[in-house]
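Coordinate-derived values only; no laboratory data. Quantities reported herein were computed from a predicted structural model and do not represent experimental measurements. Please note: Cβ atoms are built from the backbone with ideal geometry, for glycine as well, and neighbour counts cover all protein chains shown.
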Amino acid sequence: MFKQYILSKIMLCLCLALSAGQVFANLSANDLKKFGDKAELRFATVSNFGQEGTFDAQVTVNNHSVIALPKGKANWKIYIHSVKRILSTSSTELTFKRLQGDLYEIAPTDAFQGLMPGKTLGFPYKARGHIVSYSDFMPRAFIANTAGEYAVFANTDTEDLTQFIDPFTRPEQLLRFDTPKDLYSVVTTTSRYESNLAVNLSDATAEKAKIVPTPKTVTYSKGSANINHEWNIIEVGGLAFEADYLQQRLRDSGLLLNKGIKNSSHKNRFIELTIDKKIAKTEAYELNITSEKVVISAASPAGVFYGVQSFLSLLPAEKSATQKIPALRVFDEPRAGWRGMHYDLARNFHGKDAVMELIEQMGRYKLNKLHLHLTEDEGWRIEIPGLPELTGVGAFRCFDLTETRCLMPQLGSGPDKASAGNGYLTAADFTEIIKYAAQRHIDVIPEIDMPGHSRAAIKSMEARYKKLITEGKKEDAGRYLLSDPKDQSQYLTVQSYSDNSVNVCLPSTYAFIEKVTYELQQMYRKAGQKLTVFHMGGDEVGVGSWTQSPACNELFANSENGVSGVADLKPYFVQRIAEITNKRGLDLMGWEDGLMYDPNNTFNREQLVNKRVIANAWDNIWEAGVADRAHRLANNGYDVVISGATHLYFDHPHEPHANERGYHWATRYIDIAKVFGFMPDNLYANADRTFIGGEISNLNALVGRILPPLEKPEHVLGMQGQVWTETIRTKSQLQTMIFPRVIALAERAWFKASWEGDPVNTQARDAEWKTFAATLVTKELPKLEQSGLAFYLPPPGAIRIDNTLKANTSLPGLTIEFSSDGGKSWSPYQQNTSIDDGAIHLRSRLNSVVSATAILH
């Protein structure tokens with residue numbers, strides 16, 4: 001009887017435990033899944049107004065599952081991504097540990113009280129910087145056990161960030177700091193309306209014959225060309241691609257034209273593509289349109305291709321079997337030889353198609369340099385024959401903290417190898433990209449970022465080393481090793497890595513670079529092209545790298561190397577890369593700080609043997625006093641591509657609002673008009689506002705010295721837009737950040753406007769912007785939509801006057817829709833629409849594309 005009594009008590013306790021939640025000291029894979037599917041993990045910004053340089057935030061877990069987390073230390077840990085470095089927590093029940101980069105591990109202590117079903121767990125923390133955008137938080141938090149099994153919190157496994165982030169509503173959440181005051185006000189529906197008035201009150205409309213980008217000279221004639229199926233495309237020979245391309249694009253517009261080689265039989269109406277050696281400049285062209293013929297002539301196929309683009313730009317967006325084109329004559333050439341777009345496909349990979357689609361649109365707008373950022377801390381995205389670990393390990397992120405199968409999760413990729421952001425270009429893919437770009441007269445510039453930002457390469461080569469050691473191949477194992485196991489150097493980069501610097505003192509580092517550059521050259525040769533520029537990266541090397549490296553100490557001891565200490569190592573590395581690339585006939589390129597000792601002093605250009613060494617001048621936060629680096633580099637003999645972060649970084653938000661994606665370290669936002677207004681030939685005249693938002697009236701006074709003038713303008717090659725992808729995990733997100741800002745970039749890279757100068761003629765600039773904005777709406781954006789691309793539309797502005805709704809957009813001509821029932825049903829806005837009390841939802845629309853929703857309270 002006593003035994004039965006004890007047994008019944010045990011059973012009763014078990015039943016009570018199960019009714020309160022399934023409590024197990026060790027959580028199984030099935031327990032983790034049940035917990036992750038139902039428990040809700042949320043992030044919240046508590047306040048940006050705390051201790052200077054930090055903000056307070058919280059992670060909360062609401063346990064809606066039937067699984068309880070047991071008291072005390074257990075076999076589970078929670079992993080979150082935080083791009084803002086976590087500094088401390090006030091929790092006694094949980095500890096946090098930064099693993100690398102943005103991956104943090106939260107674990108229970110002996111004091112942990114458990115988390116029963118229906119209960120909530122809070123993890124308050126303090127972190128560096130501020131958070132004012134949903135995209136500053138990362139998705140795909142997960143829970144794992146010590147066996148390596150895991151489950152993603154289902155509510156975070158989404159790109160709808162509002163599903164796991166508390167709303168931004170209070171000033172201390174919406175503004176970046178309070179001391180000093182954040183002078184960038186958060187945009188509201190009302191403030192949008194007020195700022196849109198200037199462009200909406202004008203009479204500006206799209207010019208019927210507006211070519212984008214604007215030609216150097218256009219002369220209009222009487223009459224027009226009515227192009228239909230009776231017309232033909234003819235070319236002189238050697239322009240087969242340009243003729244095929246034109247034919248296909250015309251078919252896309254509804255025009256079915258035949259094509260052939262020019263001969264005496266062509267007496268009817270035709271479009272002629274021809275080479276004219278009298279045109280002096282390679283990229284210049286002439287376009288002559290009459291009622292009977294269209295002639296596009298240039299000194300090279302590239303010039304003909306640009307003439308074709310200008311002709312196509314005259315076509316309306318609407319398809320038709322007959323297109324009426326005004327008679328005109330264009331003499332055109334670009335202002336800059338370097339008209340580029342940089343795309344970081346290393347942080348997050350979006351597939352080969354994303355690259356191809358970007359190339360197609362770059363060709364349409366006469367951009368000619370695609371800078372592909374192929375490697376990073378978070379991923380290696382190009383197959384290198386003979387080094388399979390670079391992509392087998394380095395192209396994927398998953399829950400393997402040993403990093404022998406993959407890199408550890410970063411940037412919201414979560415624990416699964418199949419998650420968005422993973423992948424790579426095969427050698428065949430890259431060869432296809434090179435061919436595709438070359439047909440459109442675009443040079444592909446490959447970047448292999450070293451010696452910093454190299455974690456993916458380092459970990460991949462460490463995995464290779466371990467594998468070959470296991471196989472008994474010790475001699476080959478260290479051939480391409482990029483790290484020294486005995487190096488005890490300590491550093492922490494701005495992206496929170498302490499192990500991402502290639503050891504520049506190892507001979508194997510340079511063997512690796514030789515191997516990679518050789519294989520890249522082979523890919524270009526297979527594509528029938530020539531690799532001409534190798535981009536080494538070189539930026540943001542962690543301070544403290546190599547200070548405790550035995551290999552470097554050995555190098556210092558050898559006086560023949562001319563390397564006496566750590567300060568000599570970066571220029572030593574660049575000199576070695578210069579020698580390797582020069583032997584291969586390559587120009588060398590790098591980010592500006594990779595070619596400088598400090599903000600004021602460049603490396604000795606004469607010690608770099610390449611014919612050209614090119615710098616991306618990017619860091620131009622005005623009050624920091626480094627915006628003059630572009631001039632310093634050019635004056636010292638480096639070629640320079642203007643890449644200023646305050647105007648040309650398309651990973652920054654479109655407007656200052658929590659819903660807008662992107663980082664905001666250089667400026668609070670970059671809208672289309674800001675890109676349109678950038679003046680690459682008058683660098684300092686672009687200084688508009690400080691980081692905190694103060695207006696700049698005298699840049700020299702702001703930095704406390706006279707900034708150096710540009711003494712050698714011949715060394716400024718042109719300009720380039722950049723998109724970095726820390727917050728961009730899908731192709732649609734990527735395209736929404738690039739388009740249509742890249743069209744404004746192309747306008748400035750190709751055409752120098754009369755209003756540019758110091759000071760700028762703001763009245764003339766604003767008038768041209770209105771015409772450009774109208775042209776985007778009537779022609780360019782509809783053509784993007786027809787090409788199947790995603791693009792950004794600005795949300796409307798609106799005010800309420802009594803019971804009347806007044807609304808507008810920053811791109812006049814977009815349809816505006818409103819809803820009085822919270823977005824369930826939508827109606828087109830008409831001037832002076834009557835509305836009831838209550839919140840009004842509004843959105844901009846262009847055919848099937850809609851903007852984010854704005855709310856008028």
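Put simply, the amide H of Phe349, placed in the peptide plane, has neighbours under 5 Å in Gly421, Asn422, leaving out anything fewer than 5 places away on its chain. DSSP assigns beta bridges within the chain; of those with both partners inside it, close to 60 percent run antiparallel. For segment 217-332, the number of Lys pairs with C-alpha atoms closer than 22 Å, counting only pairs eight or more positions apart or on separate chains, is 16. Treating the angle as unsigned and between 0 and 90°, give the value, to the nearest 10°, between the Cα long axis of helix 427-439 and the longest Cα principal axis of the chain. The angle comes out near 30 degrees. Taking a ≥ b ≥ c as the square roots of the eigenvalues of the Cα gyration tensor, an a/c ratio of 1.5 or more together with a/b no larger than b/c marks segment 757-857 as oblate.
Semi-axes of the equivalent ellipsoid of segment 217-332 are 20, 16, 13 Å, computed as sqrt(5λ) over the eigenvalues of the C-alpha gyration tensor in descending order.
Is the shape of segment 648-726 rounded, prolate or oblate, going by the alpha carbon gyration tensor and its root eigenvalues a ≥ b ≥ c, with a/c under 1.5 for rounded and a/b larger than b/c for prolate? It comes out oblate by the Cα gyration axes. Roughly how far apart, in whole Å, are the Cα centres of segment 513-591 and segment 148-222? Answer, in whole Å: 40.
Under the criterion of Cα pairs below 8 Å and six or more residues apart, the relative contact order for segment 217-332 equals 37 percent.
Placing unit charges on each Cβ (+1 for Lys and Arg, -1 for Asp and Glu) gives segment 787-841 a dipole about its Cα centre, and among Thr815, Asn803, Ser834 the Cα reaching farthest toward its positive end belongs to Thr815. With contacts taken as Cα pairs under 8 Å at a separation of at least 6 residues, segment 797-856 carries a relative contact order of 32 percent.
Charges were assigned to the Cβ only: +1 to each Lys and Arg, -1 to each Asp and Glu. The resulting dipole of segment 221-371 about its Cα centre is roughly 280 debye. Reported to the nearest whole Å, the Cα centre-to-centre distance from segment 364-440 to segment 93-130 is 32.
Going from the residue with the fewest nearby Cβ atoms within 10 Å to the one with the most, Leu586, Leu99, Leu648 rank Leu99, Leu586, Leu648.
For segment 797-856, the gyration tensor built on C-alpha atoms gives an oblate shape. Its axis ratio a/c (a ≥ b ≥ c) is at least 1.5, and a/b is not larger than b/c.
When only Cα pairs under 8 Å and 6 or more residues apart are kept, what is the percent relative contact order across the chain? Once divided by the residue count of the chain, the mean separation gives 11 percent. Taken one residue at a time, the phi angles of segment 337-343 give Karplus couplings (6.51, -1.76, 1.60, θ = phi - 60°) of x, 10, 10, x, 9, 9, 10 Hz. Gly and Pro are set to x. Helix 2-20 axis versus longest C-alpha principal axis of the chain: approximately 20°, rounded to the nearest ten. In the chain, helical runs assigned H by DSSP with n ≥ 4 each contribute -39500 (n - 2.57); averaged across all residues and rounded to the nearest 500, the mean residue ellipticity at 222 nm is -7500 deg cm²/dmol.
In a reduced charge model with +1 at each Lys and Arg Cβ and -1 at each Asp and Glu Cβ, segment 22-174 shows a dipole moment near 340 debye about its Cα centre. Phi-derived couplings, Karplus 6.51 cos²θ - 1.76 cosθ + 1.60 at θ = phi - 60°, listed residue by residue for segment 49-59: 9, x, 4, 4, x, 9, 9, 9, 9, 8, 9 Hz, with x used for Gly and Pro. Each peptide in 275-285, 413-423 was scored by the mean count of other Cβ atoms within 10 Å over its residues; highest first, the order is 413-423, 275-285.
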